[in-house]
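Colleague: Okay, here's the structure, questions in a sec.
The values are calculated or read from the model by the stated rules, or taken from the named source; none is laboratory data. Just so it is clear, the structure is predicted and the values come from calculations on it, not from any experiment. Glycine gets a Cβ as well: all are built from the backbone with ideal geometry, and neighbour counts include every protein chain shown. Just the protein is used for accessible areas: all its heavy atoms, side chains included, with ligands, DNA and RNA removed. Shrake-Rupley method; radii C 1.70, N 1.55, O 1.52, S 1.80 Å.
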Amino acid sequence: MDTEKVIQHPSSKIIYLQKIARQLRVDVVKSLANAGSGHLGASLGLADLFSVLYFSELNHRPADPNWDQRDRLVLSIGHVAPILYAALARSGYFPTEELATLRKLGSRLQGHPGKHHGLPGIEISTGSLGQGLSAAVGMALCAKLDKTDSRIFCVMGDGECQEGQAWEAMMSAAHYKLDNLTLIVDVNKVQIDGPTDKVMNLGSLTHKAEAFGFEVWNINGNNIKQLLDTFYYSKEIDRPVLILANTIMGKGVKPLEGDYRWHGKAPKPEEVNEFVNYIMG
Amino acid sequence: MKAGRTGFGEGLLEIGKKDPRVVALGSDLTVSTGMHLFLKEFPERFFSFGIAEQNIIGVAAGMALSKRIPFMSSYGVFSALRTTDQIRVSICYNDLPVKIGGAHAGLSVGPDGATHQALEDIAVMRVLPKMTVLSPCDATQTKLATIASVEQVDGPAYIRYGREAMPDFTSEQQEFVVGKAQILSKGDDATIIATGHLVYEALLTAEQLAKKGVSVRVLNMHTIKPLDEESIIKAAAETGALVTAEEHQINGGLGGAVAEVLAKRYPAPVEMIGMPDQFGESGNPMELLDKYRMTHPYIAKAVERVIKRKAR
């Protein structure tokens, strides 16, 4: 990564964010075990990103979820709702006890984010892949028209980039010069049927996105320092930004790491202690 | 004679003047859909997104979540069918005030042929929860419907309108209330429930049959959803025989909606005028309407058939 200067983050900040990430992983394991179904793999893989977003990067007010100057996060990859919910709960949007209601009848924590069920912090209901970035483009466009400093973030999966609509959205982000839009793609190189390059080869996402007018960073998405540095640099860029966050599916629970079969599985209750021990190290 | 798209364009302009939240998203069919009037007046509120309808729907969702009332329009085949999942999830599941124009509805698109003739859009849009489906009968009513889609509807709306200049027979003074059918002709022997341009054909039918002493009620069902069930039941109770007429497949559109109501609440014989589960083709509009039996001579025959089926 091109850097003009070395950014010093206080080591206490990095340690703090790593601790949050561990907590989020534990929350994800427990809430999914409680639910009996859900998507463990990528939810674990994204814990570091969500720690950085909700505890460092986003300009937001958990006590005032509709604050009109807030940064907004669109979870296009809706099935990793568990990590979003954990981050929202831990940063103060709703009580952490409610995480135990994930996917249950009557819960505000729907299997994929369902805004009208009333959970604070959900910008838009998602779950059908490829749609969220378009909405993020609409929000970013309006933020510019309204001359606010709000930044719009969108998280997608790499498999999700097989959806054509994602590229329509990227094309339009560049057309409208949405430099307040940051797209983060979770590149864990796997999807339901197996490795992405066997299912449908994405080729070079870097080259594709650059051709579509994005500034692209390719980083280790499980490295908090790299995430912090990248977000810092991306603020100065005058076009939309894509952060390819290379993560490991199942990160934090060693026996699961890299195993695509954990895309859509939840841990069994008797596995919880073992998984938590791996996370806490 | 006036084109439905002119009505849409005038309606969009007028509601745009009244409500500063209204924005318009173009899909490379600005003039063809009638949006150019809005573009001319409010260029800073018009956003071109090209031939990417799924993205446009999503962008509209994002803008609606940023305090705008977004309109988008393309031909009904593209704005409603290509985009169905996006409308379902990004718009309806989120219950957002996005207004979708379905231009070039029906067979009367003419020479462009089957791919451009929307004959399935009513069926698909009406089955989506939270969606309001409007199908005005002429250009003037299209203008009123477009304005009403903002003033009377809080959530998602689909407005279906035609391409060609067709008879423009309603007036702006005729009140347009979403969900309330208009009785355009009184009668007791049978009812024609029509929508879109076929309302005009239904009125011609009523005139024609009046000369034979058959009095036909004509209901303009300009709102397919929410359907004016009471007017349908009243028609069944008071006239005993119904014909539905739409430039749309006979499966699942207005005919289906009416049949659902009657079967549940007041069974009565129904004849359906519409596309008989086929794709359209190239031709001039009136030729096509005639070939597929949607013009008044065929509607009249359907009325005569359904009267014979009345319960003794």
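Colleague: First check a/c for region B:22-174, with a ≥ b ≥ c the square roots of the eigenvalues of its C-alpha gyration tensor; if it is under 1.5, answer rounded, and if not, answer prolate when a/b is larger than b/c or oblate otherwise.
Modeller: Here region B:22-174 falls in the rounded category.
Colleague: Can I ask one more? With contacts defined as alpha carbon pairs under 8 Å and 6 or more residues apart, what's the relative contact order of region A:123-281 in percent?
Modeller: Averaging sequence separation for qualifying contacts and normalising by length gives 21 percent for region A:123-281.
Colleague: Please state the relative contact order of chain B as a whole percent: Cα pairs under 8 Å, 6+ residues apart?
Modeller: So the answer I get is 18 percent.
Colleague: Could you work out the equivalent-ellipsoid semi-axes for the protein assembly as shown, taking the square root of 5 times each eigenvalue of the Cα gyration tensor, largest first, in whole Å?
Modeller: Semi-axis lengths for the protein assembly as shown are 52, 25, 20 Å.
Colleague: Quick one: what are the phi-derived ³J(HN,Hα) couplings along region A:235-244, Karplus 6.51/-1.76/1.60 with θ = phi - 60°, whole Hz, x for glycine and proline?
Modeller: For region A:235-244, the Karplus curve yields 4, 7, 7, 9, 9, x, 10, 10, 9, 7 Hz.
Colleague: Based on the mean of other beta carbon atoms within 10 Å per residue, what is the order of B:195-203, B:164-172, most packed first?
Modeller: Descending mean neighbour count gives B:195-203, B:164-172.
Colleague: Next up: Along the charge dipole of chain B, Cβ charges K/R +1 and D/E -1, which of B:Ser171, B:Ile159, B:Gly255 sits furthest on the positive end?
Modeller: The one lying farthest along the dipole's positive direction is B:Gly255.
Colleague: Please list, in chain and number order, the residues 5+ apart from B:Arg160 or on another chain whose amide H is under 5 Å from its amide H, with Hs placed from the backbone.
Modeller: It is B:Gly102, B:Leu134, B:Ser135, by chain and number.
Colleague: Under unit Cβ charges (Lys, Arg +1; Asp, Glu -1), what dipole magnitude, rounded to 20 debye, does the protein assembly as shown have relative to its Cα centre?
Modeller: Result for the protein assembly as shown is approximately 1080 debye, rounded to the nearest 20.
Colleague: Using helices alone, what [θ] at 222 nm do you get for chain B, with -39,500 (n - 2.57) per DSSP H run of 4 or more residues, divided over all residues and rounded to the nearest 500?
Modeller: -10500 deg cm²/dmol
Colleague: Before we go on, tell me the buried accessible area for the A/B pair, both chains summed, 1.4 Å probe, in Å² to the nearest 100.
Modeller: Chain pair A/B: roughly 2000 Å² of buried accessible area.
Colleague: Something else about it: Under a 5 Å amide H to amide H cut-off, with H placed in plane at 1.01 Å, what residues pair with B:Ser48 once short-range neighbours are removed?
Modeller: B:Gly26
Colleague: While we're here: Quick one: angle between helix B:229-239 and the longest Cα principal axis of chain B, in degrees between 0 and 90, rounded to 10, please.
Modeller: 20
Colleague: Just to verify a number: what accessible area does A:Arg151 come out at with the full protein assembly present, 1.4 Å probe, Å² rounded to tens?
Modeller: 40
Colleague: At 1.002 mPa s and 20 °C, plugging the Kirkwood radius over alpha-carbon pairs of region A:1-123 into Stokes-Einstein gives what diffusion coefficient in µm²/s?
Modeller: 143
Colleague: Provide a whole-number value for the mean count of partner chain Cβ atoms within 10 Å of the Cβ atoms in peptide A:165-172.
Modeller: 5
Colleague: Please report how far the C-alpha centroid of region B:235-271 lies from that of region B:45-116, rounded to the nearest whole angstrom.
Modeller: Cα centroid to Cα centroid, the span is 28 Å.
Colleague: While we're here: Could you derive backbone 3J(HN,Hα) for region B:74-80 from the dihedral phi with the Karplus parameters 6.51, -1.76 and 1.60 (θ = phi - 60°), listing whole Hz in sequence and x where the residue is Gly or Pro?
Modeller: My calculation for region B:74-80 gives 8, 4, x, 4, 8, 6, 10 Hz in order.
Colleague: Something else now. Show which lysines lie in cross-link reach of B:Lys67 when reach means a straight Cα distance below 28 angstrom and same-chain residues fewer than eight apart are skipped.
Modeller: Partners within reach: A:Lys115, A:Lys144, A:Lys147, A:Lys177, A:Lys235, B:Lys17, B:Lys18, B:Lys40, B:Lys99, B:Lys130, B:Lys143, B:Lys225.
Colleague: Let me have the 222 nm mean residue ellipticity of chain A computed from DSSP H runs of 4+ only, each contributing -39500 (n - 2.57), with the sum over all residues rounded to the nearest 500.
Modeller: -11000 deg cm²/dmol
Colleague: Would you work out the Kirkwood radius for region A:156-203? I mean one over the mean of 1/r across all pairs of different Cα atoms, in Å.
Modeller: 11.7
Colleague: Can you give me the distance in nm between label points at A:Asn220 and B:Lys17, each placed 7 Å from the Cα along the Cα-to-Cβ direction?
Modeller: About 6.3 nm, to one decimal.
Colleague: With the full set of protein chains in place, find how many percent of the accessible area of the protein assembly as shown is carbon and sulfur; take the probe as 1.4 Å.
Modeller: With neighbouring chains kept in place, the figure for the protein assembly as shown is 51 percent.
Colleague: For A:Lys254, which lysines qualify as cross-link partners when the Cα separation must be under 28 Å and same-chain residues fewer than eight apart are set aside?
Modeller: A:Lys13, A:Lys19, A:Lys30, A:Lys189, A:Lys198, A:Lys225, A:Lys265, A:Lys268
Colleague: Sort A:His175, A:His9, A:His112 by accessible area with a 1.4 Å probe, largest first.
Modeller: Heavy-atom accessible area, descending, gives A:His175, A:His112, A:His9.
Colleague: Taking only Cα atoms and a 10 Å spring cutoff, compute GNM fluctuations for chain A and point out the largest among A:Lys147, A:Lys115, A:Lys177.
Modeller: Comparing A:Lys147, A:Lys115, A:Lys177 in a Gaussian network model of chain A, the most mobile one is A:Lys147.
Colleague: Highest GNM mean-square fluctuation, chain A, Cα pairs closer than 10 Å: which of A:Val28, A:Val216, A:Val155?
Modeller: A:Val216
Colleague: Under a 10 Å cutoff between Cα atoms, tell me which one of B:Gly106, B:Gly255, B:Gly58 has the largest fluctuation in the Gaussian network model of chain B.
Modeller: B:Gly58
Colleague: Return the average number of partner chain Cβ atoms within 10 angstrom of each residue Cβ along peptide B:79-92.
Modeller: Average per residue, whole number: 2.
Colleague: If you look at just the Cα atoms of chain B, how large are its Rg and its Dmax in Å?
Modeller: Answer for chain B, Rg first and Dmax second: 18.5, 63 Å.
Colleague: I've got another one for you. Given charges of +1 on the Cβ of Lys and Arg and -1 on the Cβ of Asp and Glu, with all other atoms neutral, how large is the dipole of region B:33-112 about its Cα centre, in debye to the nearest 20?
Modeller: 180
Colleague: Write out the GluC sites (Glu not before Pro) in region B:250-287 meeting two conditions: DSSP loop, and at most 16 other Cβ atoms within 10 Å of their Cβ.
Modeller: Sites meeting the loop and neighbour criteria: B:Glu281.
Colleague: Here's a follow-up. Taking chain A as the reference, fit the longest principal axis to its C-alpha atoms, fit the long axis of helix A:224-234 to the helix C-alpha atoms, and give the angle between the two in degrees, 0 to 90, nearest 10.
Modeller: 20
Colleague: Within 10 Å of each candidate Cβ there may be at most 15 other Cβ atoms; applying that plus a DSSP loop requirement, which GluC sites (Glu not before Pro) in region A:1-101 survive?
Modeller: Passing sites in region A:1-101 are A:Glu4.
Colleague: Here is a follow-up. Quick one: Karplus J couplings for region B:40-48, per residue in order, coefficients 6.51, -1.76, 1.60, θ = phi - 60°, nearest Hz, x for Gly and Pro?
Modeller: So the J values, rounded to whole Hz, are 5, 7, 10, x, 6, 10, 10, 10, 8.
Colleague: Tell me which residues come under 5 Å, amide H to amide H, from B:Thr191 once H is placed; ignore anything under 5 positions away on its chain.
Modeller: B:Arg217, B:Ala241, B:Leu242, B:Val243
Colleague: Rg to Rh for region B:102-218: what is it, with Cα atoms only and Rh by Kirkwood?
Modeller: That ratio is 0.99, to two decimals.
Colleague: Residues of A:138-149, mean number of Cβ from any other protein chain within 10 Å of their own Cβ, rounded to a whole number?
Modeller: Mean shielding by partner chains, rounded to a whole number: 5.
Colleague: With a cut-off of 18 Å, note down the residues of region A:163-187 whose backbone N falls inside the zone around a label point 7 Å from the Cα of A:Thr206 toward its beta carbon.
Modeller: Residues passing the 18 Å test: A:183-187.
Colleague: Looking at chain A from every direction and averaging, what is the projected area of its Cα convex hull in nm²?
Modeller: Projected over every direction and averaged, the Cα hull of chain A covers 13.9 nm².
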